[in-house]
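The values are calculated or read from the model by the stated rules, or taken from the named source; none is laboratory data. What you are looking at is a predicted structure, and each value in this text was computed from that prediction instead of being measured. No Cβ is skipped: glycine too gets one built from the backbone with ideal geometry, and neighbour counts run over all protein chains shown. With ligands, DNA and RNA removed, areas are computed over all heavy atoms of the protein, side chains included. Shrake-Rupley method; radii C 1.70, N 1.55, O 1.52, S 1.80 Å.
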Amino acid sequence: MRKKNLLVFILTLLIFLSAVLLGVSTVYRVSDVTVYAPVVSKEAQAEAKQLQSELLSAYEKDSTLFVSDEKAQAIVEKFPYFHLTKFERAYPNRIVIEVQEEAEVYAVPTVDKKAYYILSANGTVLGERATYENRSDGVKNVLISGLNATGEKGAELAGDACLDSLFAVLGYMHERLGGVRRNLLSVEVQRPATDEKQTMFVCTMTEGVKLYIRNPYQDGLEKATAAMDAYFALSDAQRLTGAVLVYDGENGAKAQYFTRIDVLA
């Protein structure tokens, strides 16, 4: 008799616990994914809606008690123009996700010259299109020419050996200038076949002056520093014309201003 009563008690307890767990599961089941996406471009607004739809599909059968940002990270990676900045649970049944739109900064012609890779500040390929106007403000992105590179959406630009040096230099300039698009029009990579040390990054600034950074493979950041120091030291008149040559001196990188560009040829 005691065994029978014990069995009934255990079965009753199991049924009760199952009901409780089922109720908890129902209450805490994800029914809404709120995506905050501060965006500027119209394209990003449409992408944000698609992103929210995919996130909801991924999480709608999960419990907010156990969810993590792992799925969100994987989904956001499929949208190169966004990166995840916040993931939190809003009990009982909501997830709040915040993403930030990546800014377009550079454009690099494709190998066939029929389109442009559109890049973020760190050289990640955001997309590919026929023109290189910035999709947020319509102003042209910084054009980088002289490269033989390939790009895959969501990955860093690949190909030329100079890419690491190039984006290290541009990254420093971006920091010093508070964003290069306001001050930098274009970058040309010049590489004489006879001497790698004569390779130069030619940066054309918006005012007109050019920065010639010679042999950027050696002490590239030191040379970028010298280039920026020299640029900020120029008078308003000097910034309109001429060139700053950055080269290897006896005791490190040197920068010198020339009123005429042709003397550097």
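Note on the range 146-178: residues that are assigned to a loop (DSSP other than H, G, I, E, B) and either touching a residue at least 60 places away in the same chain (Cβ under 8 Å) or hydrophobic (A, V, I, L, M, F, W, C) (or both) total 8. Do we find a residue being within 18 Å of Leu184 (Cβ to Cβ), of a type outside the set (Gly, Ala, Ser), out of contact with any Cys (no Cβ under 9 Å at 6 or more places or on another chain) and not in a strand (DSSP E or B) anywhere in the range 112-133? Checked the range 112-133: at least one residue is within 18 Å of Leu184 (Cβ to Cβ), of a type outside the set (Gly, Ala, Ser), out of contact with any Cys (no Cβ under 9 Å at 6 or more places or on another chain) and not in a strand (DSSP E or B). Taken over the range 213-236, residues that are open to solvent by less than 70 Å² (accessible area, probe 1.4 Å) and farther than 24 Å from Ala168 by Cβ amount to 1.
Examine the range 63-71 for a residue that is part of a helix (DSSP H, G or I), surrounded by 12 or more Cβ atoms within 10 Å (Cβ to Cβ) and in contact (Cβ under 8 Å) with a residue 40 or more places away in the chain, and state whether such a residue exists. There is no residue in the range 63-71 that is part of a helix (DSSP H, G or I), surrounded by 12 or more Cβ atoms within 10 Å (Cβ to Cβ) and in contact (Cβ under 8 Å) with a residue 40 or more places away in the chain.
Within the range 238-263, the residues that satisfy the criterion of being closer than 20 Å to Leu185 by Cα and open to solvent by less than 70 Å² (accessible area, probe 1.4 Å) are Gln238, Arg239, Gly242, Ala243, Val244, Leu245, Val246, Tyr257, Phe258, Ile261. In the range 241-255, the residues that are closer than 11 Å to Leu211 by Cβ form Cβ pairs under 6 Å with partners that are assigned to a strand (DSSP E or B) and of a type in the set (Lys, Arg), at six or more places apart or across chains, as follows: Ala243/Lys210. Residue count for the range 181-196 satisfying the condition of being modelled with pLDDT of 75 or more, outside any strand (DSSP E or B) and either surrounded by fewer than 13 Cβ atoms within 10 Å (Cβ to Cβ) or in contact with a Gly (Cβ under 9 Å, 6 or more places away or on another chain) (or both): 3.
Of all residues in the range 210-236, those satisfying the criterion of being in contact (Cβ under 8 Å) with a residue 40 or more places away in the chain, touching a strand residue (DSSP E or B) at 6+ places or on another chain (Cβ under 8 Å) and outside any helix (DSSP H, G or I) are Lys210, Tyr212, Ile213, Pro216. Applying the set (1) farther than 26 Å from His174 by Cβ; (2) surrounded by fewer than 16 Cβ atoms within 10 Å (Cβ to Cβ); (3) in contact (Cβ under 8 Å) with a residue 60 or more places away in the chain to Val40 leaves exactly one unmet item: (1). For the range 140-155, a residue qualifies if it is at pLDDT below 95 and within 25 Å of His83 (Cα to Cα), and the qualifying residues are Ala149, Thr150, Gly151, Glu152, Lys153, Gly154, Ala155.
In this structure, does Pro80 turn out to be under 29 Å from Arg182 (Cα atoms) and either assigned to a strand (DSSP E or B) or modelled with pLDDT under 85 (or both)? Criteria not met by Pro80.
Tally up the residues in the range 35-62 that are aliphatic (A, V, I, L, M), under 24 Å from Glu156 (Cβ atoms) and either part of a loop (DSSP other than H, G, I, E, B) or modelled with pLDDT under 85 (or both), please. Qualifying residue count, the range 35-62: 3. Within the range 77-107, which residues are open to solvent by less than 30 Å² (accessible area, probe 1.4 Å) and in contact with a helix residue (DSSP H, G or I) (Cβ under 7 Å, 6 or more places away or on another chain)? Result: Phe79, Tyr81, Phe82, Ile95, Ile97, Val99, Glu101, Val105.
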